[in-house]
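Novice: Got a structure here, written out as structure tokens. Questions coming.
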Amino acid sequence: MTTTLPDLDRPQPGEVDVKARAISRRSTGADAVFTHGSRVVGASVLVITGGVGVFLGLQAVPTFKRYGLSFFTEQQWSPDTDTIGIAAVLVGTFQVALVAMVIAFPLALATALYISEYAPARLKATLVSMVDLMAAVPSVIYGLFVALLIMPYAADLSIWFDRTLGWLPIFAVPGGEADSPLPALSQYGFSSFVAGIAVSMMVMPMACAVMRQVFSQTPPGEKEAALALGASTWGMIRTVVLPFGRGGIIGGTMLAMGRALGETIAVALILSPSFEIKASVTEKGGSTISSLIANRFGDASTSQLSALLAAGLVLFLITLLINTLAAIVVNRSRSGADTD
């Protein structure tokens with residue numbers, strides 16, 4: 001006897017013929033609103049950033065045509081003698097930013113590690129709020145705080161640097177007379193070092209927030225495994241947390257560096273204008289691109305305004321490059337790669 005198997009492709013007696021529903025990737029309802037809204041916001045950011053770059057580029061064309069490469073090699077900024085260049089202010093911009101990052105990086109890293117690994121649970125929310133509050137303080141407040149309160153102590157520290165490490169050009173102050181009973185205090189204030197202290201207070205919360213967020217995402221299982229194998233808390237941090245958060249450390253530091261390059265008001269309040277490349281960061285005088293624009297924008301003529309906007313274009317491109325590299329590092333780094 002032959003047995004016939006039922007055809008499973010056809011509906012059996014008493015069953016309803018159900019067809020497979022077509023799956024579409026097109027967003028509908030609230031998803032569509034969110035998708036299109038996100039695209040509009042993202043496109044507007046690109047349009048605004050591109051518009052700023054195009055505007056600065058068009059305004060800088062007359063300056064580049066008139067001065068050429070000397071605009072990047074000339075130190076003096078003297079419109080009265082038709083001598084304009086950004087070599088000194090460009091070096092000063094990086095000096096202030098590097099001083100700020102030397103101070104801010106270890107503080108940001110230590111604060112982020114303490115909040116994520118050492119702080120009691122009842123204090124973590126308070127500490128996070130305090131760090132975020134530091135980022136909300138206006139830059140003029142930091143500038144006044146450092147100029148009126150911190151600068152005398154920073155000048156004493158600069159004298160100590162000159163006295164003990166004066167053989168290094170970065171700490172040597174010509175005419176400071178650090179070894180004399182009464183050093184010339186006027187030579188040690190209003191320097192890139194003091195301005196860097198103020199900037200470090202502003203960029204530290206940004207770097208700390210990025211690092212702390214990455215450290216908090218470390219897999220608990222890997223941390224517990226390290227502790228179970230006998231590692232101390234610092235050993236667990238060194239072998240698990242820090243390798244896991246390497247991308248966040250680099251990205252947060254570069255983002256803070258990008259902001260440090262563009263700080264304006266605090267630097268303008270502290271740094272004594274001087275258009276000369278100085279090897280020492282503790283010597284009085286200096287300038288940055290942002291402070292130059294802030295100080296000279298109000299009384300600038302048409303040609304001077306074009307030169308200021310050309311300097312702004314250089315700063316815009318530098319910060320854009322640094323922030324782009326930071327985003328690439330954060331996005332492409334695979335968290336926990338070194339813990340495998």
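The values are calculated or read from the model by the stated rules, or taken from the named source; none is laboratory data. Keep in mind it's a predicted model, so treat the numbers as computed, not measured. Here the Cβ positions follow ideal geometry from the backbone for every residue, glycine too, while neighbour counts run over all protein chains shown. Areas reflect the complete protein model, heavy atoms only, side chains present, ligands, DNA and RNA absent. Shrake-Rupley method; radii C 1.70, N 1.55, O 1.52, S 1.80 Å.
Novice: With the chain treated as a Gaussian network of Cα nodes joined by springs under 10 Å, which of GLY285, GLY258, GLY37 yields the largest mean-square fluctuation?
Specialist: Sorting by GNM fluctuation, first place goes to GLY37.
Novice: Under the Karplus relation 6.51 cos²θ - 1.76 cosθ + 1.60, θ = phi - 60°, what is the ordered set of whole-Hz ³J(HN,Hα) values for the stretch 253-270, x standing for Gly and Pro?
Specialist: 5, 5, 4, 5, 5, x, 6, 4, 5, x, 5, 10, 5, 4, 5, 5, 6, 9
Novice: Positive end of the dipole of the stretch 170-312, charges at C-beta (+1 Lys, Arg; -1 Asp, Glu), about the Cα centre: which of SER274, ILE197, ASN295 has its Cα farthest in that direction?
Specialist: Result: ILE197, furthest along the dipole toward the positive end.
Novice: Express in whole angstrom the spacing between the alpha-carbon centres of the stretch 40-111 and the stretch 180-252.
Specialist: 27
Novice: Could you give the nm distance between label points at PHE94 and GLN217, where each point is 7 Å from its Cα heading toward the beta carbon?
Specialist: Result for the modelled spin labels: 3.2 nm.
Novice: Further question on the same structure: For the chain, just say rounded, prolate or oblate: build the C-alpha gyration tensor, square-root its eigenvalues into a ≥ b ≥ c, call rounded for a/c under 1.5, and beyond that prolate if a/b exceeds b/c, oblate if not. It would help to have the intermediate numbers written out before the result.
Specialist: Numbers: a/c = 3.22, a/b = 1.68, b/c = 1.92.
Oblate, since a/c reaches 1.5 and b/c is not below a/b.
Novice: Grab the Cα-Cα distance for THR81 and ARG25, subtract it from 0.36 nm times how many residues apart they are, and report the gain in nm with one decimal. Please report the intermediate quantities before stating the final value.
Specialist: Details: separation 56, 0.36 × 56 = 20.16 nm, distance 6.50 nm.
Result: 13.7 nm gained on full extension.
Novice: Between VAL41 and LEU317, what's the calculated FRET efficiency when r is the beta-carbon distance and R0 is 22 Å? Round to 0.05.
Specialist: Numbers: r = 24 Å, r/R0 = 1.09.
Plugging the Cβ-Cβ distance into 1/(1 + (r/R0)^6) gives 0.35.
Novice: Right, next: Per the 1.4 Å probe, what fraction of the accessible area of the stretch 83-332, in percent, lies on carbon and sulfur atoms?
Specialist: On the way: 7940 of 11520 Å².
About 69 percent, which is the carbon plus sulfur part of the accessible surface.
Novice: What does the charge add up to near MET202, with Lys and Arg as +1, Asp and Glu as -1, over the other residues with Cβ less than 10 Å from its Cβ? Walk me through the intermediate numbers first.
Specialist: Values: positive: ARG259; negative: GLU263.
Every neighbour counted, the sum reads 0.
Novice: Given the rule -39500 (n - 2.57) for each run of at least 4 DSSP H residues, summed and divided by the residues of the chain, what is its mean residue ellipticity at 222 nm, to the nearest 500 deg cm²/dmol? Each step should come with its number before you reach the end.
Specialist: Details: 13 runs with 207 residues, N = 340.
Only helices count here, giving -20000 deg cm²/dmol.
Novice: Want the number for ALA32 to MET134: 0.36 nm per residue separation, take away the alpha-carbon distance, what's left?
Specialist: Numbers: separation 102, 0.36 × 102 = 36.72 nm, distance 3.75 nm.
Roughly 33.0 nm would be gained on extension.
Novice: Hey, can you find the accessible area per residue of the chain for me, probe 1.4 Å, expressed in square angstrom?
Specialist: Details: 19430 Å² over 340 residues.
On a per-residue basis, the chain sits at 57 Å².
Novice: I'd like to compare 271-277, 202-208, 114-120: which one has the highest average count of other Cβ atoms within 10 Å, and what's the full order after that?
Specialist: On the way: 271-277: 18.0, 202-208: 25.4, 114-120: 15.7.
Result, highest mean Cβ count within 10 Å first: 202-208, 271-277, 114-120.
Novice: Give me, ordered by chain and number, the residues 5 or more places off ILE84 or on other chains with an amide H under 5 Å from its own placed amide H.
Specialist: Amide H to amide H, under 5 Å and 5 or more residues apart or across chains, ILE84 pairs with SER78.
Novice: Taking only C-alpha pairs under 8 Å that are 6+ residues apart, what is the relative contact order of the chain in percent? Don't jump to the answer; show the numbers that get you there.
Specialist: On the way: 445 pairs, mean separation 84.1, N = 340.
Here the relative contact order equals 25 percent.
Novice: If I model a spin label at SER232 and VAL102 as a point 7 Å from the Cα along the Cα→Cβ vector, what separation in nanometres do I get?
Specialist: Each label point is offset 7 Å from its Cα along the Cβ direction, giving 2.9 nm.
Novice: Going 7 Å from the Cα of LYS65 in the Cα-to-Cβ direction, what parts of the stretch 287-328 have a backbone nitrogen less than 14 Å from that spot?
Specialist: 303, 306-307, by backbone N distance to the label point.
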